[in-house]
Amino acid sequence: MSTHDKGYQIALEEGKKGLAEGGIPVGACIVGSDGKILGRGRNTEIQNGSRIVHGETAAFDSDHSVPQSAYQGATLYTTMSCCPMCTGAAIWFGVKRVVVGDRVNYRGPQETLEQAGIEVIVLDTEECIDLTKQLIEKSPEKWYGLIGDK
Ligand SMILES: Nc1ccnc(=O)[nH]1
């Protein structure tokens, strides 16, 4: 699992789109156990006035032609450590692994994933960490209103 993975690249792309849209810059991508891309998405809390569309939940909900069973054993790539809600989604859909781009700006309940038997790989890459740093510099109120104070 590395920054060369297609899933990582797509998650990062989604995160960058989110930043360009003025949103919380978190992107995600789900890759099936056979390597197929099963979903992708980004946080649109600000763009759509949503409270629950995080990068990860957007990715799970992005392609309704994917049978729910396909998520079993999949890998979830996310540019940011999973929050409690998305930790629940990862457990619910049965992914086997979560690859995290940034655990520096936010750290969710990683142990809950691990206790559920999900492997967590933390990459802490400069580019994912920087996405959130850019948001905090430009619009601190967005970050502290939604995630930064959690
Ligand atoms: N891991 C995440 C934290 C906060 N918001 C998101 O969309 N994703």
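Computed from the coordinates by the stated procedures, all read-outs in this text should not be read as laboratory data. In this text the structure is predicted, and so the values were computed from the model without any measurement. No Cβ is skipped: glycine too gets one built from the backbone with ideal geometry, and neighbour counts run over all protein chains shown.
Quick rundown of the values:
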quantity: Rounded to 5, the percent of DSSP beta bridges in the chain classed as antiparallel; calculated: 55
quantity: All Cα pairs of the chain, percent lying beyond 20 Å; calculated: 39
quantity: Euclidean distance of C-alpha centroids, segment 75-89 and segment 26-59, integer Å; calculated: 9
quantity: Count, lysine Cα pairs under 24 Å in the chain, 8 or more residues apart or across chains; calculated: 20
quantity: Nearest-ten-degree value, helix 6-20 long axis tilted from longest Cα axis of the chain; calculated: 30
quantity: Amide H contacts of residue 122 (H built 1.01 Å from N, under 5 Å, at least 5 apart or other chain); calculated: 100
quantity: Environment charge at residue 87 (Cβ cut-off 11 Å; Lys +1, Arg +1, Asp -1, Glu -1); calculated: -3
